[in-house]
1. Surrounded by 15 or more Cβ atoms within 10 Å (Cβ to Cβ), over 30 Å from SER248 (Cα atoms) and either in the same structural domain as ILE187 (by the TED database) or among the aliphatic types (A, V, I, L, M) (or both): does that describe ARG58?
2. Looking at THR4, THR29, THR49 in this structure, which one is over 22 Å from the mean Cα position of the chain (by Cα), modelled with pLDDT under 80 and over 30 Å from GLU184 (Cβ atoms)?
3. For THR4, state whether it is open to solvent by 80 Å² or more (accessible area, probe 1.4 Å) and in the same structural domain as VAL195 (by the TED database).
4. Among residues belonging to segment 235-245 that are out of contact with any His (no Cβ under 6 Å at 6 or more places or on another chain) and of a type outside the set (S, T, N, Q), point out the one that is surrounded by the fewest Cβ atoms within 10 Å (Cβ to Cβ).
5. When you scan segment 18-36, do you find a residue that is without any contact (Cβ under 8 Å) to a residue 60 or more places away in the chain, touching a helix residue (DSSP H, G or I) at 6+ places or on another chain (Cβ under 7 Å), open to solvent by 40 Å² or more (accessible area, probe 1.4 Å) and part of a helix (DSSP H, G or I), even just one?
6. Scan segment 37-55 for residues that are open to solvent by 40 Å² or more (accessible area, probe 1.4 Å) and assigned to a loop (DSSP other than H, G, I, E, B) and jot them down.
7. For the list (1) in contact with a helix residue (DSSP H, G or I) (Cβ under 6 Å, 6 or more places away or on another chain); (2) open to solvent by 60 Å² or more (accessible area, probe 1.4 Å); (3) not aromatic (Phe, Trp, Tyr), I need the number of the one condition that LEU216 fails.
Amino acid sequence: YILTFSTLFSGGYVANSLAIMTDALHMLTDLSGIILTLLALWLSAKSPTKRFTFGFHRLEVLSAIISVLLVYILMAFLLYEAVQRTIHMDYEINGDIMLITAAVGVAVNLIMGFLLNQSGHLHSHSHSHPHSHVPQLNSPNAAHSGSHSHSSLAVRAAFVHALGDLVQSIGVLVAAYIIRFKPEYKIADPICTYVFSILVVLTTVRILCDTGVIILEGVPRHLNVDRIKEDLMKIEDVYSIEDLNVWSLTAGKTAAIVHLQLVPGSSSKWEEVQSKARQLLLNTFGMYKCSVQLQSYRQEMSKTCTSCQSSSA
């Protein structure tokens with residue numbers, strides 16, 4: 001990715017083609033995603049400290065915002081140049097270099113799509129079984145099967161994304177072919193910049209929304225708080241849910257704090273209730289960390305207004 005990005009951006013700069021540099025910018029968003037994934041893996045191995053008791057998972061979110069802002073700054077510069085070219089039309093593009101660079105981009109995306117497609121086929125064949133069965137929720141087989149499923153979905157998602165990059169690269173190649181043999185249609189270069197800038201925004205806006213939810217400590221989109229409350233209330237000896245907080249430390253690492261009130265006369269069963277609540281949050285809803293607080297039943301006291309108290313006195 002680094003080599004391809006450098007080749008496309010340098011080739012676009014030498015050819016004076018904004019379309020190719022915007023295509024390289026889109027590839028920069030993919031490169032940022034890979035770097036963030038590696039950063040998340042590295043941070044997950046670091047132990048929490050006395051000052052950062054949750055660890056350093058939020059650094060992934062911070063780096064995501066910085067990388068997206070960097071992409072937006074570069075994109076704004078390219079869009080400004082595209083507008084200037086559209087208005088004044090006082091620029092020249094080296095059609096030969098643009099055509100060669102665009103062809104390199106198409107070839108790289110073809111190779112990546114082929115490799116991802118082969119990886120997906122190998123993964124599905126190596127983990128297929130002649131007899132289907134439903135493993136238990138907490139069994140090792142269930143976790144093993146789930147990891148294969150998520151891995152397969154990740155490969156398929158990456159393949160679909162590679163197809164999108166390929167379509168964009170083909171668009172650049174078509175524009176390069178037009179400019180090479182029909183220089184009077186050089187307006188195709190800024191037009192591609194406009195289209196690809198929209199694609200970059202569509203690719204990154206989801207990242208900004210997700211990071212915003214994490215920073216504001218919102219509930220992750222894949223979880224339903226009402227559903228969690230309903231399942232907690234189904235636990236035997238739970239009378240009410242006093243409080244429930246759910247938030248994300250970072251993408252894929254959700255934390256929860258719940259405060260439960262036990263039914264009257266069941267204080268001796270608090271360990272069993274706490275264990276069931278923890279299993280529900282950790283195993284069923286996939287929490288990374290959770291804290292379950294319990295209290296015995298306390299009847300709500302009716303509040304008497306001050307005027308009533310003074311009149312009775």
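1. The answer is no for ARG58.
2. Working: THR29 fails: over 22 Å from the mean Cα position of the chain (by Cα); THR49 fails: modelled with pLDDT under 80.
Criteria check complete, one pass: THR4.
3. It is false that THR4 is open to solvent by 80 Å² or more (accessible area, probe 1.4 Å) and in the same structural domain as VAL195 (by the TED database).
4. Residue satisfying both the conditions and the ranking: GLU236.
5. No, there is no match, as no residue in segment 18-36 is without any contact (Cβ under 8 Å) to a residue 60 or more places away in the chain, touching a helix residue (DSSP H, G or I) at 6+ places or on another chain (Cβ under 7 Å), open to solvent by 40 Å² or more (accessible area, probe 1.4 Å) and part of a helix (DSSP H, G or I).
6. Once the filter is applied, which keeps residues that are open to solvent by 40 Å² or more (accessible area, probe 1.4 Å) and assigned to a loop (DSSP other than H, G, I, E, B), segment 37-55 yields ALA45, LYS46, SER47, PRO48, THR49, LYS50, ARG51, PHE52, THR53, PHE54.
7. Here LEU216 clears every test but (1).
Yes/no matrix, rows are residues, columns are (1) loosely packed, with under 15 Cβ neighbours inside 10 Å; (2) over 22 Å from the mean Cα position of the chain (by Cα):
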position: TRP247; (1), (2): no, no
position: THR254; (1), (2): no, no
position: VAL258; (1), (2): no, yes
position: LEU262; (1), (2): no, yes
position: VAL273; (1), (2): no, yes
position: ARG278; (1), (2): no, yes
position: THR284; (1), (2): yes, no
position: TYR288; (1), (2): no, no
position: VAL292; (1), (2): no, yes
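The values are calculated or read from the model by the stated rules, or taken from the named source; none is laboratory data. Small disclaimer: the values here were computed from a predicted structure and weren't measured. In this analysis, Cβ positions are derived from the backbone assuming ideal geometry, glycine residues included, and neighbour counts consider all displayed protein chains. Heavy atoms of the whole protein, side chains included, go into the accessibility calculation; ligands, DNA and RNA do not. Shrake-Rupley method; radii C 1.70, N 1.55, O 1.52, S 1.80 Å.
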